[in-house]
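Following this message is one structure expressed as structure tokens.
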Amino acid sequence: MINYDSPIATPSAPPPYLHGLNPAQLEAVERLEGPLLVLAGAGTGKTRVLTTRLGHLLQTGRAFPSQILAVTFTNKAAQEMKKRVSAMLGGAAVEGWWLGTFHALAARMLRRHAELAGLTPTFTILDEDDQLRLLKQLMEADNIDTKKTPPKAAGAVIQRWKDRALLPDDISHADAGTLADGKLKKIYADYQARLRILNACDFGDLLLHVIAMLRDPKNADLLADYQRRFKYILVDEYQDTNVAQYMWLRLLAQQNKNICCVGDDDQSIYGWRGAEIGNILRFEQDFPGAHVVRLEQNYRSTPRILNAANAVIANNKGRLGKNLWSAEEDGEKIQLRGVWDGLQEANFVAEEIERLQHRGTELSEVAILVRTASQTRPFEERFLRMGIPYRVFSGLRFYERQEIRDAIAYLRVLAQPDDDLAFERIVNVPKRGIGPAALQKVSQLARARQTSLTRALDQLLASDELAGKQRQTFLQLATDFTRWRGLLREMSHAEVAQIVLDESGYTAMWQADKTPEATGRLENLREFITALNEFDSLDAFLEHVSLVMENDDKATDTYVSIMTFHAAKGLEYNVVFLPGWEEGLFPSQRALDETGMSGLEEERRLAYVGITRARRRAYISFAANRLLYGNWNSSLPSRFIEELPRDEVETVIEAGLNTGGGHGGGYGGGYAPPAQRTRYIDYSTPPIESVSKRQGSEGGYAPGDRVFHQKFGYGEVVSADHDKLDILFDKAGRKKVIDSFVRRAEEGL
């Protein structure tokens with residue numbers, strides 16, 4: 001056990017824990033006085049530097065353990081740091097120090113001085129469910145429609161305010177906005193007041209209360225005490241700090257100024273959840289005289305992979321600058337693969353994984369990184385067919401997601417009216433005002449007559465047992481299902497599924513939801529319709545889903561990892577596949593539309609993170625055509641592909657793309673389907689115009705137009721009513737279809 005009454009004696013010889021550090025790492029460990037920014041590139045030994053610096057402070061007697069504030073972003077990182085420092089010190093237990101996450105350390109401070117925040121030391125920290133329940137009560141008391149403004153959406157905005165250290169009185173008119181009928185600032189104030197009455201706070205309050213407490217002139221002695229106490233401050237992942245975290249650190253570091261922040265501005269990818277890249281970019285302005293150490297020697301990836309990552313990220317203007325390098329051999333070039341469509345892309349990835357596996361690569365060393373969760377489905381489908389074990393991380397598998405399960409339940413009732421489990425799942429989703437008493441009445445009759453819920457409901461509707469609004473609601477639902485089943489005889493199952501989701505109100509439910517997850521759910525639903533198009537019938541699709549859900553990959557310890565770029569940060573694999581590098585998909589068009597140049601730079605940092613996850617091999621792919629949300633769209637390769645250094649990339653174009661010559665201004669180009677495999681891209685042909693842009697969603701077709709449908713083939717438009725077409729198909733006969741599911745005949749396949 002370390003003696004806390006006196007500093008540890010300084011050793012007479014360089015300690016063993018300094019052996020093996022490269023010059024930059026050693027400088028970062030031994031430069032203990034004054035502000036220090038350690039720019040730690042991917043794979044450069046950041047964790048070793050942090051733990052060694054912390055151990056060095058203790059071992060050299062610069063500070064007692066209780067005089068060091070060490071901040072991490074996860075409890076796991078804090079425990080790992082504690083374990084490593086203890087090992088450095090010969091296994092001695094190190095207790096009494098301030099090591100933990102921002103929330104944990106702020107909670108520790110707040111409990112010591114709770115009365116200054118209007119609380120008692122036994123205050124409760126509310127979980128998300130309790131927060132939302134309290135917000136809902138306050139909103140309903142203020143006559144705010146919680147369907148129009150869900151409590152979760154209101155809570156997300158309030159949390160963003162707290163991340164910026166804004167109290168209710170600090171909220172401007174522009175910040176308040178129109179959410180919750182323009183009353184959100186008042187709801188925030190009421191929420192904070194109610195929390196104090198309950199002797200409670202949420203996670204955002206932990207730092208908010210401490211900052212307010214330390215900034216209050218009446219508590220000047222308290223601030224001075226903490227500033228004297230913490231002789232040394234260490235901060236991990238500084239690029240991910242938000243405004244409140246930054247303000248807290250600045251307050252505590254003003255006296256001794258011995259603050260060491262470790263981070264990588266090129267890996268700041270969480271702006272959407274409050275991270276402020278400006279915190280790390282202006283470190284030298286915030287702490288005059290600050291020294292910067294760049295960790296650039298990479299111990300993870302080959303030089304070719306690093307050169308590609310360096311070349312891409314160099315296009316960002318908002319960065320401090322560094323250049324990763326490795327002492328290893330060059331390694332293999334990054335393989336850039338152009339494919340005809342998303343299906344061909346999934347086939348290539350699956351087949352390449354099998355090839356690598358036969359050559360000795362473990363599946364556990366393979367990862368697929370995507371920009372959005374909806375991209376995982378084609379790979380999941382292909383892996384299931386080929387028997388390749390996989391797991392989706394930081395998210396459910398595609399068919400396990402709530403919105404997909406709900407959509408499937410609607411289709412199960414459509415295909416099999418006696419499916420009680422599916423009926424129970426969707427009967428009140430979205431909310432239709434069907435109460436427990438009405439459902440119980442249906443259930444009781446079903447049990448008494450040993451029949452299904454839908455048949456029991458039909459019998460009740462034929463009687464006078466149900467009345468008023470509930471009768472009308474049940475009658476409308478039953479009528480809708482009857483009508484939808486009839487449409488299956490006239491339209492494709494994918495088109496009917498889209499109609500079901502729209503007319504049931506399910507799509508509108510998520511469109512009205514203002515929570516951050518809602519956009520992703522809508523994207524998944526559009527991808528769900530795309531999945532339906534790949535099957536000949538609704539029954540075939542539902543059988544496939546049943547087999548997918550039955551598939552159990554938990555019996556194996558080796559599997560391919562599938563995840564988003566965000567989930568991959570901090571991880572590394574021998575082989576990394578990076579599919580979907582197309583404009584609009586990556587970089588995300590939504591990110592560009594919402595945040596402009598800053599959004600583009602964060603997207604480019606995602607590309608940098610993705611490339612640097614690879615140790616030995618990296619594959620980047622793009623498709624000339626992609627079926628997105630039920631529509632075929634021609635695509636241009638991502639602008640990030642143009643930024644890849646030609647010398648580090650081997651380009652392979654699959655059969656089906658234009659292989660004409662020319663080396664124009666980039667990897668972009670149009671694609672026409674020859675039958676030859678080539679190893680260069682056509683730069684001369686202008687890009688194909690997007691199908692969705694050409695045809696429009698309504699009124700784009702007139703009687704007499706020749707069209708093509710993926711399932712029914714060629715036909716002629718008989719009549720057009722907004723987005724619904726009546727078409728006489730050459731082989732399938734007369735059908736009603738939605739215009740977005742067809743294209744003009746001259747456009748072909």
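The values are calculated or read from the model by the stated rules, or taken from the named source; none is laboratory data. Everything numeric in this text was worked out from a predicted model, so none of it was measured. Cβ sites come from the backbone with ideal geometry, for glycine too, and all protein chains shown count toward neighbours. The accessibility values were calculated without ligands, DNA or RNA, using every heavy atom of the protein model including side chains. Shrake-Rupley method; radii C 1.70, N 1.55, O 1.52, S 1.80 Å.
Any chance you could count how many residues in the range 460-491 are surrounded by 14 or more Cβ atoms within 10 Å (Cβ to Cβ) and either touching a strand residue (DSSP E or B) at 6+ places or on another chain (Cβ under 8 Å) or without any contact (Cβ under 8 Å) to a residue 12 or more places away in the chain (or both)?
Residues meeting the conditions: 4.
Moving on to the next point. If the requirement is being open to solvent by 40 Å² or more (accessible area, probe 1.4 Å), outside any helix (DSSP H, G or I) and within 30 Å of Leu627 (Cα to Cα), which of these qualifies: Arg385, Arg391? Step through it out loud before you land on a result.
On the way: Arg385 fails: outside any helix (DSSP H, G or I).
From the options Arg385, Arg391, the qualifying one is Arg391.
If you go through the range 120-138 one residue at a time, do you hit one that is in contact with a strand residue (DSSP E or B) (Cβ under 7 Å, 6 or more places away or on another chain), part of a loop (DSSP other than H, G, I, E, B) and surrounded by 17 or more Cβ atoms within 10 Å (Cβ to Cβ)? Lay out the reasoning, then the answer.
We begin by selecting, within the range 120-138, every residue in contact with a strand residue (DSSP E or B) (Cβ under 7 Å, 6 or more places away or on another chain); these are 123-126.
In the following step, the residues that additionally are part of a loop (DSSP other than H, G, I, E, B) were identified as 123, 126.
This time we only want the ones that are surrounded by 17 or more Cβ atoms within 10 Å (Cβ to Cβ), so: 123, 126.
Checking the range 120-138: at least one residue is in contact with a strand residue (DSSP E or B) (Cβ under 7 Å, 6 or more places away or on another chain), part of a loop (DSSP other than H, G, I, E, B) and surrounded by 17 or more Cβ atoms within 10 Å (Cβ to Cβ).
For the range 282-307: of the residues being of a type in the set (S, T, N, Q) and touching a residue at least 60 places away in the same chain (Cβ under 8 Å), which is surrounded by the fewest Cβ atoms within 10 Å (Cβ to Cβ)? Can you show your working first?
If we filter the range 282-307 for residues that are of a type in the set (S, T, N, Q), which is where we start, we get 285, 297-298, 301-302, 307.
Okay, now just the ones that are also touching a residue at least 60 places away in the same chain (Cβ under 8 Å), so 297-298, 301-302, 307.
Working: Gln297: 17, Asn298: 22, Ser301: 26, Thr302: 23, Asn307: 24.
Applying the filter and picking the extreme gives Gln297.
Still on this structure, I have one more. Do the conditions hold for Leu119, that is, is it touching a residue at least 60 places away in the same chain (Cβ under 8 Å), in contact with a Lys or Arg (Cβ under 9 Å, 6 or more places away or on another chain) and over 30 Å from Lys514 (Cα atoms)? Before the answer, list the steps.
Details: touching a residue at least 60 places away in the same chain (Cβ under 8 Å): yes; in contact with a Lys or Arg (Cβ under 9 Å, 6 or more places away or on another chain): yes; over 30 Å from Lys514 (Cα atoms): yes.
So Leu119 fits the description; yes.
To continue, here is another question. Which residues, counting only those in the range 62-78, are open to solvent by 20 Å² or more (accessible area, probe 1.4 Å) and not in a helix (DSSP H, G or I)?
To start, the set of residues in the range 62-78 that are open to solvent by 20 Å² or more (accessible area, probe 1.4 Å) comprises 62, 64, 66-67, 73-77.
Selection gives Arg62, Phe64, Phe73, Thr74.
(1) free of Cβ contacts under 8 Å to residues at least 60 places away in the same chain; (2) assigned to a helix (DSSP H, G or I); (3) open to solvent by less than 70 Å² (accessible area, probe 1.4 Å): which one isn't true of Lys186, the others all being true?
Lys186 satisfies every listed condition except (3).
Looking only at the range 134-149, count every residue that is among the basic types (Lys, Arg) and free of Cβ contacts under 8 Å to residues at least 60 places away in the same chain and tell me the total.
Of the residues in the range 134-149, the ones among the basic types (Lys, Arg) are 136, 147-148.
The next check asks that each one be free of Cβ contacts under 8 Å to residues at least 60 places away in the same chain; those that pass are 136.
Qualifying residue count for the region: 1.
Filter the range 161-174 for residues that are within 14 Å of Asp205 (Cβ to Cβ) and in contact (Cβ under 8 Å) with a residue 12 or more places away in the chain and give the result.
Going residue by residue through the range 161-174, those that are within 14 Å of Asp205 (Cβ to Cβ) are 161-168.
Hits for the range 161-174 are Trp161, Lys162, Asp163, Arg164, Ala165, Leu167, Pro168.
Can I ask one more? Would you mind telling me which numbered condition in (1) out of contact with any His (no Cβ under 8 Å at 6 or more places or on another chain); (2) over 30 Å from Val609 (Cβ atoms) Thr241 fails?
Of the numbered conditions (1) out of contact with any His (no Cβ under 8 Å at 6 or more places or on another chain); (2) over 30 Å from Val609 (Cβ atoms), the odd one out for Thr241 is (2).
OK, next. Those residues that are over 27 Å from the mean Cα position of the chain (by Cα) and in a helix (DSSP H, G or I), I need them from the range 166-183; list them, please. Walk me through how you get there before you give the answer.
Of the range 166-183, the ones over 27 Å from the mean Cα position of the chain (by Cα) are 167-174, 181-183.
Selection gives Pro168, Asp169, Asp170, His173, Ala174, Asp181, Gly182.
The rows are residues; the columns are (1) surrounded by fewer than 24 Cβ atoms within 10 Å (Cβ to Cβ); (2) modelled with pLDDT under 95; (3) over 25 Å from the mean Cα position of the chain (by Cα); (4) in a helix (DSSP H, G or I).
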site: Ala309; (1), (2), (3), (4): no, no, no, yes
site: Asn315; (1), (2), (3), (4): yes, no, no, no
site: Gly318; (1), (2), (3), (4): yes, yes, no, no
site: Gly321; (1), (2), (3), (4): yes, yes, yes, no
site: Gln335; (1), (2), (3), (4): yes, no, yes, no
site: Trp340; (1), (2), (3), (4): yes, yes, yes, no
site: Leu343; (1), (2), (3), (4): yes, yes, no, yes
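Does the range 93-106 include one or more residues that are under 25 Å from Asn256 (Cβ atoms), open to solvent by less than 20 Å² (accessible area, probe 1.4 Å), touching an Asp or Glu at 6+ places or on another chain (Cβ under 8 Å) and in a helix (DSSP H, G or I)?
Within the range 93-106 (the criterion being under 25 Å from Asn256 (Cβ atoms), open to solvent by less than 20 Å² (accessible area, probe 1.4 Å), touching an Asp or Glu at 6+ places or on another chain (Cβ under 8 Å) and in a helix (DSSP H, G or I)), the answer is no, since none of the residues qualifies.
Is it the case, given these coordinates, that Leu110 is closer than 24 Å to Val243 by Cα, buried (at least 21 other Cβ atoms within 10 Å of the Cβ) and over 31 Å from the mean Cα position of the chain (by Cα)?
Taking the combined requirement at face value, the residue satisfies it.
Is one or more of the residues making up the range 112-119 assigned to a loop (DSSP other than H, G, I, E, B) and of a type in the set (D, E, K, R)?
Let us first name the residues in the range 112-119 that are assigned to a loop (DSSP other than H, G, I, E, B), namely 113, 118-119.
Right, trim to of a type in the set (D, E, K, R) and you get none.
Looking through the range 112-119, none of the residues is assigned to a loop (DSSP other than H, G, I, E, B) and of a type in the set (D, E, K, R).
Another question about this same structure. Out of Ala494, Ala512, Ala508, Ala518, which single residue is touching a Gly at 6+ places or on another chain (Cβ under 8 Å) and either of a type in the set (Gly, Ala, Ser) or surrounded by 19 or more Cβ atoms within 10 Å (Cβ to Cβ) (or both)? Steps first, answer last, please.
On the way: Ala512 fails: touching a Gly at 6+ places or on another chain (Cβ under 8 Å); Ala508 fails: touching a Gly at 6+ places or on another chain (Cβ under 8 Å); Ala518 fails: touching a Gly at 6+ places or on another chain (Cβ under 8 Å).
The match here is Ala494.
Only one of (1) without any contact (Cβ under 8 Å) to a residue 12 or more places away in the chain; (2) open to solvent by 50 Å² or more (accessible area, probe 1.4 Å); (3) within 26 Å of Met509 (Cα to Cα); (4) not in a helix (DSSP H, G or I) fails for Asn428. Which number is that?
It is condition (2) that Asn428 fails.
Kindly indicate whether any position in the range 191-211 is in contact (Cβ under 8 Å) with a residue 24 or more places away in the chain, surrounded by fewer than 18 Cβ atoms within 10 Å (Cβ to Cβ), assigned to a helix (DSSP H, G or I) and not hydrophobic (A, V, I, L, M, F, W, C).
Yes, the range 191-211 contains a residue that is in contact (Cβ under 8 Å) with a residue 24 or more places away in the chain, surrounded by fewer than 18 Cβ atoms within 10 Å (Cβ to Cβ), assigned to a helix (DSSP H, G or I) and not hydrophobic (A, V, I, L, M, F, W, C).
If we scan the range 139-149, do we find a residue that is touching a Lys or Arg at 6+ places or on another chain (Cβ under 7 Å) and at pLDDT 90 or above?
Yes, that holds for at least one residue.
Kindly indicate whether any position in the range 443-459 is surrounded by fewer than 16 Cβ atoms within 10 Å (Cβ to Cβ), of a type in the set (A, V, I, L, M, F, W, C) and without any contact (Cβ under 8 Å) to a residue 12 or more places away in the chain.
Scanning the range 443-459 turns up at least one residue that is surrounded by fewer than 16 Cβ atoms within 10 Å (Cβ to Cβ), of a type in the set (A, V, I, L, M, F, W, C) and without any contact (Cβ under 8 Å) to a residue 12 or more places away in the chain.
Right, something else. Taking the condition among the hydrophobic types (A, V, I, L, M, F, W, C), touching a helix residue (DSSP H, G or I) at 6+ places or on another chain (Cβ under 8 Å) and open to solvent by less than 20 Å² (accessible area, probe 1.4 Å), does Ile641 pass? Break it down into steps so the answer makes sense when it comes.
Values: among the hydrophobic types (A, V, I, L, M, F, W, C): yes; touching a helix residue (DSSP H, G or I) at 6+ places or on another chain (Cβ under 8 Å): no; open to solvent by less than 20 Å² (accessible area, probe 1.4 Å): yes.
Spelling it out, it is not the case that Ile641 is among the hydrophobic types (A, V, I, L, M, F, W, C), touching a helix residue (DSSP H, G or I) at 6+ places or on another chain (Cβ under 8 Å) and open to solvent by less than 20 Å² (accessible area, probe 1.4 Å).
Of all residues in the range 25-45, count the ones that are under 12 Å from Leu295 (Cα atoms), assigned to a helix (DSSP H, G or I) and in contact with a helix residue (DSSP H, G or I) (Cβ under 9 Å, 6 or more places away or on another chain). Show your work before the answer.
Kept after step one, since they are under 12 Å from Leu295 (Cα atoms), are these residues of the range 25-45: 25-29, 37-45.
Restricting the remaining residues to those that are assigned to a helix (DSSP H, G or I) gives 25-29.
Among the residues that remain, those that are also in contact with a helix residue (DSSP H, G or I) (Cβ under 9 Å, 6 or more places away or on another chain) are: 25-26, 28-29.
Of the residues in the range 25-45, 4 are under 12 Å from Leu295 (Cα atoms), assigned to a helix (DSSP H, G or I) and in contact with a helix residue (DSSP H, G or I) (Cβ under 9 Å, 6 or more places away or on another chain).
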